[in-house]
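Asker: Here's a structure for you.
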Amino acid sequence: MKTETTIQGLSASLSSARQSRKTIGFVPTMGNLHQGHLNLVREARKICDVVVVSIFVNPIQFGPNEDFDSYPRTLEQDSNLLADVGCDIIFAPSVEQMYGKNKRLTTISVSEITNDLCGAQRPGHFDGVAVVVTKLFNIVQPNFAFFGQKDYQQLAVIKQMVQDLNMPIEVIGVPITRAEDGLALSSRNGYLSEEHRATAPAIYKALKAAETDLKNGQALTDVLAQIRADLTAQGFEVDYVEARSPMLQTVEQFDQDVVLFVAAKLGKTRLIDNLQVSHSA
Ligand code: PAF
């Protein structure tokens with residue numbers, strides 16, 4: 001496994017793969033990797049000849065009061081984990097390498113689906129993600145790119161952008177990796193106290209109960225209100241409980257496949273989760 005820190009170095013490392021038309025799979029990350037990230041790499045390994053993982057904490061997707069400076073940078077540990085799951089190349093550029101010295105004048109904004117859910121509390125966040133992912137796509141030029149369904153809104157935004165801008169990349173959403181008790185794996189789980197860690201799986205339990213209730217014919221609005229009430233009763237400060245279509249259009253009733261979304265805080269830690277509920281099965 002190689003680590004490249006410059007765009008030129010990465011291009012040189014990929015040139016023979018490109019010449020021999022090998023398929024390139026790409027997993028963009030901000031590092032501090034856990035099994036959820038490693039499962040993205042495992043999926044890439046299954047279908048691609050060459051697997052590239054980027055590790056880059058992207059300053060432009062953090063708001064002024066967010067944790068850019070304190071975001072954990074754990075390159076050595078991440079490299080060891082990536083070597084074990086068959087990553088071929090790590091791309092770990094500096095901020096200067098990615099953004100250069102000149103002022104950036106181009107923005108990428110995927111409208112409508114970035115203003116609510118997590119976008120409501122994080123203005124500009126998804127624009128920052130769209131810019132860095134576009135830059136990384138242009139640098140790596142992958143055939144396939146892998147994103148976790150845990151950040152479902154991000155995945156939908158990237159899929160929309162790739163479709164709207166005719167980017168020649170297939171975006172693959174990988175199912176959420178969960179702990180045995182159902183908690184969706186996230187770098188943020190490490191911030192939970194022991195007590196909050198024990199409470200946190202209630203989000204997934206509430207989502208699964210909601211799935212059953214929907215399939216038993218309960219009204220969508222009642223089911224969403226029940227999730228909110230359950231979580232509030234258990235000490236969560238609920239930010240949102242929402243239902244959307246798979247491409248994030250608003251839905252009024254359970255008359256099609258829906259995705260249920262929850263964002264809730266336990267202490268200072270904000271957790272997000274989602275569950276896709278199919279209408280047919
Ligand atoms: O999901 C993340 O880790 C980041 O938002 C991404 C896609 C690597 C862009 O910085």
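Every number here is computed from the coordinates shown, using simple stated rules; none is lab data. It should be emphasised that the depicted structure is a prediction, and the values quoted were computed from it without experimental measurement. Glycine gets a Cβ as well: all are built from the backbone with ideal geometry, and neighbour counts include every protein chain shown.
Asker: Can you tell me the 0 to 90 degree angle between the C-alpha axis of helix 220-233 and the longest principal axis of the chain, rounded to 10?
Answerer: Helix 220-233 and the main axis of the chain meet at about 90 degrees.
Asker: Write out the GluC sites (Glu not before Pro) in the stretch 173-226 meeting two conditions: DSSP loop, and at most 15 other Cβ atoms within 10 Å of their Cβ.
Answerer: When the GluC sites (Glu not before Pro) of the stretch 173-226 are filtered for loop state and at most 15 Cβ neighbours within 10 Å, GLU180 remain.
Asker: How many percent of DSSP beta bridges within the chain run antiparallel, rounded to 5?
Answerer: Antiparallel bridges: around 50 percent, rounded to the nearest 5.
Asker: Now for a different question. Suppose only helical runs count, i.e. DSSP H with n ≥ 4. What mean residue ellipticity at 222 nm does that imply for the chain under -39500 (n - 2.57) per run, divided by all residues and rounded to the nearest 500 deg cm²/dmol?
Answerer: -11500 deg cm²/dmol
Asker: Where a Cα-Cα gap under 14 Å defines reach, which aspartates and glutamates qualify for LYS135, not counting those fewer than 8 residues away within the same chain?
Answerer: Within the straight-line cut-off, LYS135 pairs with GLU96, ASP127.
Asker: What number in nm² do you get for the chain if you take the convex hull of its Cα atoms and divide its surface by four?
Answerer: For the chain, averaging the hull's shadow over all directions gives 15.5 nm².
Asker: Something else now. Quick one: which of 212-224, 139-151 comes out on top by average Cβ neighbours within 10 Å, and what's the full order, highest first?
Answerer: Most protected by this proxy first, the peptides run 139-151, 212-224.
Asker: Let me ask another. Quick one: if you stick a label point 7 Å off each Cα along the C-beta vector at GLU76 and GLN276, how many nm between them?
Answerer: 4.0 nm
Asker: Sort out for me the Cα centre separation of the stretch 61-91 from the stretch 3-55, rounded to whole Å.
Answerer: With the stretch 61-91 and the stretch 3-55 each reduced to a Cα centre, they are spaced 14 Å.
Asker: Do any chymotrypsin sites (Phe, Trp or Tyr not before Pro) in the stretch 27-127 lie in a DSSP loop with no more than 16 other beta carbon atoms within 10 Å, and if so, which?
Answerer: In loop regions of the stretch 27-127 (DSSP not H, G, I, E or B), the sparsely surrounded chymotrypsin sites (Phe, Trp or Tyr not before Pro) are PHE68.
Asker: Determine the gain in length on full extension of the stretch ASP49-ASN138; use 0.36 nm per residue of separation and subtract their C-alpha separation, reporting nm with one decimal.
Answerer: Gain in length upon complete extension: 30.2 nm.
Asker: Just want to confirm a number: the relative contact order over the chain, from Cα pairs under 8 angstrom separated by 6+ residues, in percent.
Answerer: Relative contact order of the chain: 17 percent.
Asker: Moving to a separate point now. Which trypsin sites (Lys or Arg not before Pro) in the stretch 224-274 pass both tests, a DSSP loop state and at most 11 other beta-carbon atoms within 10 Å?
Answerer: Sites meeting the loop and neighbour criteria: LYS268.
Asker: Now for a different question. Plugging the Kirkwood radius over Cα pairs into Stokes-Einstein for the stretch 147-281, at a temperature of 37 °C and a viscosity of 0.692 mPa s, what D comes out in µm²/s?
Answerer: Value of D from the Cα-based Kirkwood radius: 210 µm²/s.
Asker: Tell me, what is the percent relative contact order of the stretch 107-198, built from C-alpha pairs under 8 Å that lie six or more residues apart?
Answerer: Once divided by the residue count of the stretch 107-198, the mean separation gives 24 percent.
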